[in-house]
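Quick notes on the structure that follows.
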């Protein structure tokens, strides 16, 4: 234990000298490095879960992932900043497998994981810096990166509603978990409405993991969180004309009625979720500019009422009535959207970017409750 404490102290000394030297590193480079650290923390959590389940084999898989998959990404940055720091981070990750293996006690394994976590934070301070690490927008981008990676892991893990690759399934869940941990850290700094939506999306995402949902559904739910974060940061999509989203919603809701009437409840719920997360989410901002009440009405009717009705097994006639009421309101949306052409939204985003930059220079926080 004394040896470990001395090693940690040595790393802190190294980190303090490195952080100034690395201050001018590229923002994207720091973001990528921090993203690897977050995935590493996700693996640490997975080790703990498997140790608690007495699954030493899977614990070892996650103990070796950081050194086998993530260290090579971090190594160039670590070496450029400090060969000593690189060497000690490498050693900690190399040793993690044997220090959390079946031949050690649960407490000794936990001590090794906690020590590795400390090293992760030391490396974060040295490379990313404390100020950027605490920046709300930076943390939101880390959340997005974790969720993007989780989608691929889940898709690889699930075959016909069953887990075919457990390590990848646990990777996906670990990255979702870590992204939610970051969300909990910054939730109080986010707009209340968006924070509530993100919490609900996480609930849906975990429910999807529990039910071994189709990977496409998991992607849709993860994208819901990602898009909410984009909205908070002022990022607008350039992928489609806004009227395309209106047509997509109409089509998906009509399919929802058909599938629900045919008894395909899961498919109906998936279609209704896509109508909201993959489409209406992109219309919320322009609709709110012209008619906030309309935006709130449709959001409530589609995200909450319709999906709750499907989950509860409501009569098909009630679902049809709900969908028809939403479609009527979408006609009003179609009249509003052309008043906010997509180019105008992009221009608004550019202006917001300038304001953010000026605010940042003055040292103000970008996101306030």
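The values are calculated or read from the model by the stated rules, or taken from the named source; none is laboratory data. All of these numbers come straight from a predicted model, not from anything done at the bench. Here the Cβ positions follow ideal geometry from the backbone for every residue, glycine too, while neighbour counts run over all protein chains shown.
Which residues, taken from segment 208-233, are touching a strand residue (DSSP E or B) at 6+ places or on another chain (Cβ under 9 Å), surrounded by fewer than 20 Cβ atoms within 10 Å (Cβ to Cβ) and not in a loop (DSSP other than H, G, I, E, B)? Correct list: 215 only.
Table: residues versus (1) surrounded by 15 or more Cβ atoms within 10 Å (Cβ to Cβ); (2) modelled with pLDDT under 95; (3) outside the structural domain of residue 66 (by TED's automatic domain parsing); (4) in a helix (DSSP H, G or I).
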position: 86; (1), (2), (3), (4): yes, yes, no, yes
position: 98; (1), (2), (3), (4): no, yes, no, yes
position: 103; (1), (2), (3), (4): no, yes, no, no
position: 107; (1), (2), (3), (4): no, no, no, yes
position: 112; (1), (2), (3), (4): yes, no, no, yes
position: 118; (1), (2), (3), (4): yes, no, no, yes
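Out of all the residues in segment 154-196, which are surrounded by fewer than 21 Cβ atoms within 10 Å (Cβ to Cβ) and under 19 Å from residue 273 (Cα atoms)? Within segment 154-196, 155, 161, 193, 194, 195, 196 meet the criteria. Exactly one residue among 277, 205 is at negative phi, crowded, with 22+ Cβ neighbours inside 10 Å and at pLDDT 95 or above, and that residue is 205. For residue 336, the conditions (1) at pLDDT 95 or above; (2) touching a helix residue (DSSP H, G or I) at 6+ places or on another chain (Cβ under 7 Å) all hold with the exception of (1). Within the group 282, 342, which residue is on the phi < 0 side of the Ramachandran plot, modelled with pLDDT under 95 and crowded, with 21+ Cβ neighbours inside 10 Å? Answer to the selection: 282.
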